[in-house]
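The values are calculated or read from the model by the stated rules, or taken from the named source; none is laboratory data. Quick caveat, the model's predicted, so the values are computed rather than measured. Methodologically, a virtual Cβ is constructed for each residue, glycine included, from the backbone with ideal geometry; neighbour enumeration extends over all protein chains shown.
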Amino acid sequence: MIIFDSSVIALLSIILAGIFTFPVSEIGIMILYDIILAFFAMLIIRIMRNEVVIGIFTPVMITVAAVFSPVFMELRAFEVICRLVPPFHYIKNAADPFYMPGMLMYLCCIGGVVILVDIVSKISKQKFL
C-alpha cells in the first residue's frame, strides 16, 4: 500500500508540474514500476531476513539508486550497475517509450530471482545473511 500511495503522489506531482504528457502511458509505467519495487523489496527481505541488516542496507541502496539513476547524468562506464537499480528502468522508460521491453525484461528477471531465492531457501532451509 505504501508503494501505491507514493505512486499517486508522484503522478500528482507530475501533473502539477505540467510535464504529464501521456496519462495512460505514465500510469502504465508507474504500475510496472510499483510491481518492480514490490519484487525488489521481496528480494531484499528474502535474502536479508535480519531486520538490522535490512536497516543497514536501506540507506546504502537508496544512495546507490540515486547515484546510478540517469537523473543528473548517465554513467556509461557503470551501465551494468545502473541496470540493477529499479529507478534506472523507470527513468529510461519515461524518457524513451521504446524502452518498455527493457523494463518488462527487468521485471521478469527480478521476479525470477525472487522465485529462485525462494526455491533455494526452501531446499537449504537457511537464511542467506
>> Please go through (1) in contact with a Phe, Trp or Tyr (Cβ under 7 Å, 6 or more places away or on another chain); (2) closer than 24 Å to Ala10 by Cα for Ile91 and return the number of the only condition it doesn't satisfy.
In response: (1)
>> Return the pair list, or none, for Cβ contacts closer than 6 Å from residues in the stretch 58-76 that are aromatic (Phe, Trp, Tyr) to residues that are surrounded by 15 or more Cβ atoms within 10 Å (Cβ to Cβ) and in a helix (DSSP H, G or I), at least 6 apart or on different chains.
In response: Phe68/Cys82
>> Only one of Leu104, Leu116 is in a helix (DSSP H, G or I), at pLDDT 80 or above and under 12 Å from Ile29 (Cα atoms). Can you tell me which?
In response: Leu104
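A quick yes/no check of all residues on (1) exposed (fewer than 10 other Cβ atoms within 10 Å of the Cβ); (2) modelled with pLDDT under 85; (3) touching a helix residue (DSSP H, G or I) at 6+ places or on another chain (Cβ under 7 Å):
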| site | (1), (2), (3) |
| --- | --- |
| Phe78 | no, yes, yes |
| Cys108 | no, no, no |
| Gly111 | no, no, yes |
| Lys127 | no, yes, no |
> Do we find a residue being under 27 Å from Lys125 (Cβ atoms), out of contact with any helix residue (DSSP H, G or I) (no Cβ under 9 Å at 6 or more places or on another chain) and among the acidic types (Asp, Glu) anywhere in the stretch 47-60?
Replying inline: yes
> How many of the residues in the stretch 14-26 are modelled with pLDDT of 70 or more and not aliphatic (A, V, I, L, M)?
Replying inline: 2
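Can you tell me which residue is nearest to the chain's Cα centre (by Cα) among those in the stretch 81-92 that are assigned to a helix (DSSP H, G or I) and more than 21 Å from Gly28 (Cβ to Cβ)? Working first, answer last.
Let us first name the residues in the stretch 81-92 that are assigned to a helix (DSSP H, G or I), namely 81-82, 86-92.
Filter once more, so that each one left must be more than 21 Å from Gly28 (Cβ to Cβ): 81-82.
Values: Ile81: 13, Cys82: 11 Å.
Looking at residues that are assigned to a helix (DSSP H, G or I) and more than 21 Å from Gly28 (Cβ to Cβ), I get Cys82.
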> Could you list, in sequence order, the residues of the stretch 42-80 that are polar (S, T, N, Q) and touching a Cys at 6+ places or on another chain (Cβ under 9 Å)?
Replying inline: Ser69
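Return the residue satisfying two criteria in turn: it lies in the stretch 45-80 and is assigned to a helix (DSSP H, G or I) and in contact with a Phe, Trp or Tyr (Cβ under 7 Å, 6 or more places away or on another chain), and of such residues it is nearest to Ile119 (Cα to Cα).
Residue satisfying both the conditions and the ranking: Ile47.
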